[in-house]
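Q: Shown below is the structure under consideration.
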Amino acid sequence: MSSPFDKVMEGADGEGFEESDLSLLETLDHVLSKGLVIAGEITISVADIDLIFVGLNVLVSSVEKAHEVLRERELAARTGARATLAASTPKKQPEGE
Amino acid sequence: MKLYAYCVSEDGGKPVDKELVTGVGGSSVRWLKADELIVAVSDVDGDTIAITRENVLAHERVVRKVLEYTTPLPFRFGTLVTEARLQSYLQAQQAALQSKLLLVDGCVEMGVKIIWQAHSTNKESLSEEVSANSRVGEQLIEGAGSAFLMAKRQEVMGEKILADRAKEIASWLNERITASIRKDHTSVRPDEKLVLTAAHLVERSRLEQYRRTLKQACSERPELHFLTSGPWPPYSFVNVELEFKTQFGVS
């Protein structure tokens with residue numbers, strides 16, 4: 001297979017990786033975390049241990065993708081919590097009533 | 001016996017050369033027809049696919065082979081499905097798949113990762129910048145609590161400075177290459193090393209123009225490292241309804 005790196009731009013030292021390492025990492029990033037998914041139809045194994053996340057369609061993701069989802073979940077949870085808190089806080093009754 | 005699915009494309013594309021392409025686990029690759037779509041598949045025994053270097057590269061090799069003839073929509077690695085399930089999926093998603101095929105028609109995906117120079121985001125330089133911006137560095141810090149809050153403040157402001165810088169770089173890059181691409185998918189989540197990750201959908205006929213433009217852009221920002229890859233099948237532009245986020249209930 002030809003390398004998907006048609007060029008590594010000048011100045012990119014790759015943090016000490018060989019181009020073949022970078023090529024494999026990029027390939028992993030693409031094929032494991034992107035592409036069409038058929039619900040519930042991905043089952044993979046690592047070192048003969050099956051990885052099955054029941055109910056999820058994505059079983060493996062890149063660290064970057066996982067971080068993205070976790071951050072968004074955290075943000076959504078915070079926003080939801082604020083909304084719940086605001087809704088459940090009793091309004092002050094005007095004095096004298 | 002299940003089918004391992006590599007990619008889907010419009011019927012009419014030239015067939016994969018079986019003599020040249022070997023699929024996962026050394027299997028042969030064939031086309032499965034479904035109305036106006038065709039899917040590159042292998043017959044595979046078992047219910048799982050091991051993540052091995054060979055299998056990952058085999059998946060990519062098959063999709064890349066198809067990319068030589070046409071622009072397919074690649075399946076994610078590990079898509080193992082019964083023929084009935086695959087046919088059902090293709091029928092249900094035919095319109096969406098054809099729409100995506102139209103979007104990527106004649107294009108390839110190019111990847112760009114931008115990395116900070118090592119010295120530009122270290123804690124000392126960010127701390128200095130935060131202090132310079134807020135002039136809090138001149139204030140007298142008394143007690144452990146104040147010191148903690150001061151450090152926390154600098155940490156938060158440092159992250160904001162990084163985010164602002166990254167957004168500016170993303171905007172600059174987009175401005176430079178927008179005329180050379182059909183679509184982009186840019187992810188700006190800066191940390192101490194990475195500025196942004198971008199996938200560009202580039203028409204094959206404009207690939208050289210894109211490369212030239214990107215190289216010129218690189219020379220304008222010597223303070224940044226650019227790591228480019230491609231051409232790829234359009235992995236970043238194909239998700240149909242089943243985006244990763246939605247599976248976790250994130251809107």
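What follows is calculated from the coordinates using simple rules that are stated; it is not laboratory data. Keep in mind that what you see is a predicted model, and the values were worked out from it rather than measured. In this analysis, Cβ positions are derived from the backbone assuming ideal geometry, glycine residues included, and neighbour counts consider all displayed protein chains.
Q: Other chains' Cβ within 10 Å of B:228-235 residues: what's the mean?
A: 6
Q: Which residue, B:Gln94, B:Leu80, B:Cys107, has the largest displacement toward the positive end of the dipole of the stretch B:29-122 when charges sit on each Cβ (Lys, Arg +1; Asp, Glu -1)?
A: B:Cys107
Q: In whole angstrom, how far apart do the alpha carbon centroids of the stretch B:169-239 and the stretch B:58-110 sit?
A: Cα centroid to Cα centroid, the span is 23 Å.
Q: Follow-up. When you look at the Cβ of every residue in B:54-65, what mean number of other chain Cβ atoms sits within 10 Å?
A: Per residue, the average neighbour count from other chains is 3.
Q: Could I ask something else about it? For peptide B:207-220, what's the mean number of Cβ atoms from other chains within 10 Å of each residue's Cβ?
A: 1
Q: Among B:Glu10, A:Glu72, which comes first, then next, by fewest other beta-carbon atoms within 10 Å?
A: A:Glu72, B:Glu10
Q: Rounded to a whole number of µm²/s, how large is the Stokes-Einstein D of the stretch B:2-105 at 25 °C and 0.890 mPa s, given Rh as the Kirkwood radius over C-alpha pairs?
A: Estimated via Stokes-Einstein, D reaches 180 µm²/s.
Q: Here are some pairs, B:Lys152/B:Lys215; B:Lys65/B:Lys193; B:Lys65/B:Lys113; which of them have Cα atoms lying more than 31 Å apart in this structure?
A: Violating the 31 Å Cα-Cα cut-off are B:Lys152/B:Lys215; B:Lys65/B:Lys193.
Q: I'd like the FRET efficiency for B:Thr82 and B:Asp35, computed as 1/(1 + (r/R0)^6) with the beta carbon distance as r and R0 of 25 Å, rounded to 0.05.
A: 0.90
Q: For a protection proxy built on the mean count of beta-carbon atoms within 10 angstrom, sort B:67-73, B:219-225, B:201-207 highest first, please.
A: Highest mean packing first, the order is B:67-73, B:201-207, B:219-225.
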